[in-house]
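The values are calculated or read from the model by the stated rules, or taken from the named source; none is laboratory data. Computed from a predicted structure; not experimentally measured. Methodologically, a virtual Cβ is constructed for each residue, glycine included, from the backbone with ideal geometry; neighbour enumeration extends over all protein chains shown. Please note that ligands, DNA and RNA were not included when accessible areas were found on the heavy atoms of the full protein model with its side chains. Shrake-Rupley method; radii C 1.70, N 1.55, O 1.52, S 1.80 Å.
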Amino acid sequence: DAKTTQPTSMDCAEGRAANLPCNHSTISGNEYVYWYRQIHSQGPQYIIHGLKNNETNEMASLIITEDRKSSTLILPHATLRDTAVYYCIPGYGNKLVFGAGTILRVKS
Amino acid sequence: AAGVIQSPRHLIKEKRETATLKCYPISRHDTVYWYQQGPGQDPQFLISFYEKMQSDKGSIPDRFSAQQFSDYHSELNMSSLELGDSALYFCASSPPGLSLPGELFFGEGSRLTVL
């Protein structure tokens, strides 16, 4: 499984874009990049995933660098309810190995 | 649509006792995953099942066992409980298509406290 490096924590003002970086320099060619989040003690929630191209859905955008060694999750207009731990997870198939994520605090 | 259902939501046991957690996946989902999350820790993958067969194994202690039944629900059995087994246990399910990437749907978890 590829190793990831994410900031331990980040703050974001409510209504502003939250940009969460992830380094996954050891990702292999067939591994996707998944992003999940976990709001305090709730079950993790899927956000988005991608392979090479940038992706967007109703929750977020995912920007993957051309060499695929890093990616950025963008929450375009963060709200207080987006306060959570965000996990970047390279993987293939459906097994997910959670590493240490980023605690995002959205502040009013 | 109903999500992944886990029961019980809370469970208190004494050391050396046995506990069983149940997971009911979303309808037509054929793959089930179990995760353990200790206090202040990140979720750790324990084991997964696809079509009633074990498909992957993580850091599951030998004291734990699990299975998936014909209706696709799964049970995690934990014996000789230790204080360190106190954790949130999450179950997740995913739709057919084991080798394709996709999203896992997590339940709300079962909180096990071992005294």
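Please specify each residue of segment B:42-65 satisfying the condition of being part of a strand (DSSP E or B), free of Cβ contacts under 8 Å to residues at least 40 places away in the same chain and open to solvent by 20 Å² or more (accessible area, probe 1.4 Å). Listed by number, the residues that qualify are B:GLN44, B:MET53, B:GLN54, B:ASP56, B:LYS57, B:SER65. On the stretch given as segment B:99-109, residues that are open to solvent by 10 Å² or more (accessible area, probe 1.4 Å), outside any strand (DSSP E or B) and either touching a strand residue (DSSP E or B) at 6+ places or on another chain (Cβ under 7 Å) or more than 11 Å from every other protein chain (Cβ to nearest Cβ) (or both) total 4.
Elements of the type strands (runs of 3 or more DSSP E) sitting completely within chain A and holding at least 1 residues that are within 12 Å of the chain's Cα centre (by Cα): these cover A:18-23, A:32-38, A:45-50, A:61-64, A:70-75, A:84-91, A:102-107. Restricting attention to segment A:69-101, the residues that are open to solvent by 20 Å² or more (accessible area, probe 1.4 Å) and within 14 Å of chain B (Cβ to nearest Cβ) total 6. Restricting attention to segment B:70-81, and to residues there that are within 18 Å of B:ILE5 (Cα to Cα) and not aliphatic (A, V, I, L, M), which single residue is least open to solvent (accessible area, probe 1.4 Å)? Applying the filter and picking the extreme gives B:SER74. Here B:LEU112 meets each of (1) open to solvent by 40 Å² or more (accessible area, probe 1.4 Å); (2) assigned to a strand (DSSP E or B); (3) not polar (S, T, N, Q) with one exception, condition (1).
Here's the yes/no breakdown for (1) open to solvent by 70 Å² or more (accessible area, probe 1.4 Å); (2) closer than 24 Å to A:VAL85 by Cα:
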site	(1), (2)
B:ALA2	yes, no
B:GLN6	no, yes
B:LYS13	no, no
B:GLU17	yes, no
B:TYR24	yes, no
B:SER27	yes, no
B:ASP30	no, no
B:TYR33	no, yes
B:GLY40	yes, yes
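Does B:GLY84 satisfy the criteria of being open to solvent by 20 Å² or more (accessible area, probe 1.4 Å), at pLDDT 95 or above and more than 10 Å from chain A (Cβ to nearest Cβ)? Taking the combined requirement at face value, the residue satisfies it.
Scanning segment B:75-89 for residues that are under 13 Å from the mean Cα position of the chain (by Cα) and more than 20 Å from B:ARG16 (Cα to Cα) turns up nothing.
Among all positions in segment B:51-65, there is no residue which is of a type in the set (A, V, I, L, M, F, W, C), within 22 Å of A:TYR92 (Cα to Cα) and within 11 Å of another protein chain (Cβ to nearest Cβ). Among the residues examined, A:CYS12 does not qualify as under 29 Å from B:VAL4 (Cβ atoms), touching a residue at least 40 places away in the same chain (Cβ under 8 Å) and open to solvent by less than 40 Å² (accessible area, probe 1.4 Å). Every listed requirement among (1) open to solvent by 40 Å² or more (accessible area, probe 1.4 Å); (2) within 13 Å of another protein chain (Cβ to nearest Cβ) is met by A:ARG37 save one, (1).
The set of residues in segment B:87-98 being open to solvent by 40 Å² or more (accessible area, probe 1.4 Å) and not aliphatic (A, V, I, L, M) consists of B:PRO95, B:PRO96.
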